[in-house]
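Trainee: This structure is in structure tokens; I'll ask about it shortly.
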Amino acid sequence: MKKKVINSKKRELFLFFNRILAVVLAVSVTFIFINSFFNISTSYGTTYHYAVSPLEHEQAFEEKEIFQSLLVGNMEQITRYVVICHQLETNGKYDENKKIEITHYANRDKEVSKYAPQAQYYLDDLITWGNYGFTYKTLVGTWEDLNAMFFKNTLSDSAMDKSQIKEYVGSLQDNAEVLAADNVGDDKFAIEILMPRYVTVDGKDLIQCASNIEEYEILKKNLMDSANSLFNNYTEYVALKQQYNLQNTNISYCFQINSDKGLQYYSNADLTFRGKSTDDITSMVKEQGGKFVYFNPDKVQINTNTEISAKQMRNMLKSYEYTFGDDTRVWIWVNTDYPAADSLQMVRNELKAFRPYFISLSICAVCAMILGILILWYLTCKEGRIIDEEGNLKYAICKRDKIFLEFWIVLAVGAEVILAKVGWQLLNGFRNGTVSYAMLPMAVGLLVFIMNEIGIQLYFSLVRRIKAKKVWKTTFVYAVIEGIKTLILKTIANGSLMSRIWIPYLIFLIVNLILVLLGVGGVIGAFLLDILVGMYLYRESKQREEIVNGIETIKNGDSKHRIDTTQLHGENLRLAESVNSIGVGIRKAVETSMKDEKLKTDLITNVSHDIKTPLTSIITYVDLLKRENISEQRIQGYIHILDNKSQRLKQLIDDLVEASKISSGNINIQLENINFVQLVRQSIGEFSEKFEAGNLQIVTKLPDSPMIIEADSSQLWRVMENLFQNISKYAMHGTRVYIEMEEDGTDKKYVFSVKNISAKYLEVDASDLTERFIRGDRSRQTEGSGLGLSIAKNLVEAQGGEFEIQVDGDLFKSIIKFPRVEKK
């Protein structure tokens, strides 16, 4: 049978277009990411990564979090710059001859004892010394010898010139060489002497500033720390001075610091601060416009129109308490016109440029996504369709779908994960600056094209399998299970009882034992084998349960039910086929019985119709004779007998026809809510004359409240008529008839019962009395057709009720139950 794939060329064209749309979507999103993310690298080595949301565009730049972050970062650098300026400058200019006391400088953040050794150097000497580094000589000797060598006669308080320093250093070198020849032991010590590149302000070497070795070690450490710190600060000072020049920054500042020379002002603004009060300076700063911050550390008070808090300012100055003492004041303000090309100007420009890109790229991405989804939906609807030679539309899988589904998923998902990791590395590379602006979109587009191709193949393979209803049948697990099942079924179907039960069981035990002996892997294998065997046994039991359910269904009257044998094998198959054969036999027997019943019903109906026609004529002529004035008593007796017998025959024919209709289901039932109590009372009233004629005393126990049931009032009246007619005919004269009605709370039903004493001994069982043509009087000496109770029972059951006859000796009891209807 030839199969033709519908619109194969059109499908390939749509698939290619879908891939292009996926690439467009990915590239658009990538460009949105690129334009919403940028790096800010500061001159002090810190790089900030910022992602911009398009929803923030309407917000002023100065109100954004990014502005606050940049401002705080710059304020921290300005604060450090002012601290360095305080160390290196005098009257606002770098002072190379500024005197630095190394002990206080090295311990500027600590309390220094007044007895600590001290030494002053020129600022430029310390910076140069820190730049070129330090050289040492090692001297070895006893503690007394070392102290005597350094501090007895050579260490005077007089200053040395350069020639004297050279001679002094040479003598230290000679002594060091001599002492170094001895090994350091328990009674000898080694000390590193710092070679004097520069001397103190008063022309002394560091050794001359110490009175013993301990003081020398302290001074040496302070000197090295001070030189290194000042050199680093100087390097930072040069960079920050250029950065926070008004031509290069939009941030202005003024720091008021109280020193031993009075109030000092450090600022990059072209304003005069000296001699002005704090309020005047604050007013002058506010007049500059833009954002500003004024902070008073003494009272931890802040005056600002930014989001910066007093706590942030306090933490900013806390690390430099050795510089910012009492009466320190800080003013910082921003020129929001941003004339200088600094980080603030760059970020603001980036934010301004982001919005146009975002709108156009977003529209492009949304259109590509919608078109891609529509194409994918269209292809999904068409996928897997084939047309055979007869023109019938079917669903089928292709050749590559015969590859196990698990392998497809593993390969596709593995490839997607690898490509996704590559894409993530590209994004990180862009954030770190190793991937260029132009390279990222192209790389992402290529990755998405490949990922779309792989994903689409897996997706449509799943669609074809689902439409063809072969998802489970194309899996590796299914193939393994089917192979094992086929092997087991062949063993079961072709073997005796021994080979079908004991041999597989022994093999199962042996395999389990071998697997357990193999170690952990074997135990896992045994566990999996047990699971498979359990699944097989469960399926066999499930099939037997289905067979049992089928037998129950057939037993309950559904002879057309057939057990599905397509998945059954072995004994279950034979058993199911036998049950189906039994069902077919029962159905044929039932059909034959129903056909016979229908023939009887048709015969009764036809015969009754044929009899009623002459009977009607007889009744008519008898009625005419009764109207004649016949005086002879003998003839009147004949007419009376003819009338009674013809009416009885008419009633018998009517009962027979009605019983036939009820048994064949050809009766009209109109259900409605009726008052059962009221109907019973009316029925008792209708038959009161007949009850009195039989000298029957009616004893009723009826509720005053209504009992609402759902029934056909005319048919239920016929039931009452048959019951009371039966009582008037067969009840013993002069006895009582008990009529009761009550509510059965357990079953939520209304129960009607009538009891009487039979005039003759009941020769049949209670269950037989409701069968057609069965009478309690087998001699048939009384009038009656034997259909009254049968009609009553069938009518009650047709209306959803229950009818029951109980016989205890001569006591005859009829019970009718109807479901209760809630009163409204």
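Trainee: Given a Förster distance of 51 Å, report the FRET efficiency between residue 107 and residue 439 from their Cβ-Cβ distance, rounded to the nearest 0.05. List each step's numbers first, then the result.
Mentor: Details: r = 53 Å, r/R0 = 1.04.
Using R0 = 51 Å, I get an efficiency of 0.45.
Trainee: State in Å² the accessible area per residue of the stretch 665-728; use a 1.4 Å probe, count heavy atoms of protein chains only, and round to the nearest integer. Walk me through the numbers on the way to the answer.
Mentor: On the way: 3340 Å² over 64 residues.
Counting only protein heavy atoms, the per-residue value for the stretch 665-728 is 52 Å².
Trainee: Report the local net charge at residue 115: Lys and Arg +1, Asp and Glu -1, summed over other residues whose C-beta lies under 14 Å from its C-beta.
Mentor: On the way: positive: 114; negative: 111, 214, 215.
Combined, the nearby Lys, Arg, Asp and Glu give -2.
Trainee: Compute the distance in nm between two label points, each set 7 Å from the Cα along the Cα-to-Cβ direction, one at residue 387 and one at residue 76.
Mentor: Label at residue 387, label at residue 76, 7.3 nm between them.
Trainee: Charges only on Cβ, +1 for Lys and Arg, -1 for Asp and Glu: so what's the dipole of the stretch 308-431 about the Cα centre, in debye to the nearest 20? Show your work: numbers first, answer last.
Mentor: Values: 15 positive and 13 negative charges, 21 e Å.
Once rounded to the nearest 20, the dipole reads 100 debye.
Trainee: Using only the C-alpha atoms of the stretch 384-486, find the volume of their convex hull and express it per residue in Å³.
Mentor: That works out to 120 Å³ per residue.
Trainee: Got a number for the accessible area of residue 132? Probe 1.4 Å, square angstrom, nearest 10.
Mentor: Its heavy atoms expose roughly 150 Å² to the probe.
Trainee: Label points 7 Å out from Cα along the Cβ direction at residue 116 and residue 217: separation in nm?
Mentor: Here the modelled spin labels are 1.7 nm apart.
Trainee: Need the full-extension length gain, residue 541 to residue 16, defined as separation in residues times 0.36 nm minus the C-alpha distance. One decimal, nm.
Mentor: Working: separation 525, 0.36 × 525 = 189.00 nm, distance 5.18 nm.
Contour length minus the Cα-Cα distance gives 183.8 nm.
Trainee: Relative contact order for the stretch 661-753: what is it in percent, counting Cα pairs under 8 Å that are at least 6 residues apart?
Mentor: Working: 107 pairs, mean separation 32.4, N = 93.
In percent, rounded to a whole number, it is 35.
Trainee: Further, regarding this structure: Would you mind getting me the FRET efficiency between residue 810 and residue 744? Use the beta-carbon distance for r and R0 = 25 Å, nearest 0.05.
Mentor: Values: r = 27 Å, r/R0 = 1.07.
Taking R0 as 25 Å, the efficiency between residue 810 and residue 744 is 0.40.
Trainee: If I ignore ligands, DNA and RNA and count only protein heavy atoms, how much of residue 382 is accessible to a 1.4 Å probe, in Å² to the nearest 10?
Mentor: Rounded to the nearest 10, that gives 80 Å².
Trainee: Which values, in whole Å and largest first, are the semi-axes of the equivalent ellipsoid of the stretch 189-327 obtained as the square root of 5 times each eigenvalue of the Cα gyration tensor? Kindly include the intermediate steps, with their values, before the conclusion.
Mentor: Numbers: eigenvalues 339, 59, 46 Å².
With the √(5λ) rule applied to the stretch 189-327, the semi-axes are 41, 17, 15 Å.
Trainee: Rank-order 337-347, 792-802 by packing density, defined as the average count of other C-beta atoms within 10 Å over each peptide's residues, highest first. Present the calculation step by step, with values, prior to reporting the outcome.
Mentor: Working: 337-347: 16.5, 792-802: 19.3.
The densest-packed peptide leads the list: 792-802, 337-347.
Trainee: What does the charge count near residue 17 come to, summing +1 for each Lys or Arg and -1 for each Asp or Glu among other residues with Cβ under 15 Å from its Cβ?
Mentor: Within the 15 Å Cβ shell, the charges total +3.
Trainee: Give the shape of the stretch 327-467 as rounded, prolate or oblate, defined through the alpha-carbon gyration tensor: a ≥ b ≥ c are the square roots of its eigenvalues, a/c under 1.5 means rounded, and otherwise the shape is prolate if a/b is larger than b/c and oblate if not.
Mentor: Working: a/c = 4.52, a/b = 2.67, b/c = 1.69.
In terms of gyration-tensor shape, prolate.
Trainee: Let me ask something additional. For the stretch 244-319, give the percent of accessible area contributed by carbon and sulfur heavy atoms, probe 1.4 Å, rounded to a whole number.
Mentor: Details: 1630 of 4050 Å².
Exposed carbon and sulfur together represent 40 percent of the surface.
Trainee: Would you please put 9-20, 806-817 in order of how densely packed they are, using the mean number of other Cβ atoms within 10 angstrom per residue and starting with the highest?
Mentor: Values: 9-20: 14.2, 806-817: 16.2.
Top to bottom by mean Cβ count within 10 Å: 806-817, 9-20.
Trainee: For the pair residue 457 and residue 404, what calculated FRET efficiency results from E = 1/(1 + (r/R0)^6), where r is the Cβ-Cβ distance and R0 = 22 Å, to the nearest 0.05?
Mentor: Working: r = 15 Å, r/R0 = 0.67.
Once rounded, the FRET efficiency stands at 0.90.
Trainee: Another question about this same structure. Taking a probe of 1.4 Å, how large is the accessible area per residue of the stretch 313-362, in Å²? Write down the numbers at each step before the final one.
Mentor: Details: 2410 Å² over 50 residues.
Spelled out: the 1.4 Å probe surface of the stretch 313-362, per residue, equals 48 Å².
Trainee: Rounded to the nearest 10 Å², what accessible area does residue 569 show when all protein chains are kept and the probe is 1.4 Å?
Mentor: Roll a 1.4 Å probe over it and residue 569 shows about 70 Å².
The values are calculated or read from the model by the stated rules, or taken from the named source; none is laboratory data. Note that the coordinates shown come from a computational prediction; the quantities given were computed from them, not determined experimentally. FYI the Cβ positions are ideal-geometry reconstructions off the backbone, even for glycines, and counts take in every protein chain you see. Ligands, DNA and RNA are excluded from the accessible area calculation, which covers all protein heavy atoms including side chains. Shrake-Rupley method; radii C 1.70, N 1.55, O 1.52, S 1.80 Å.
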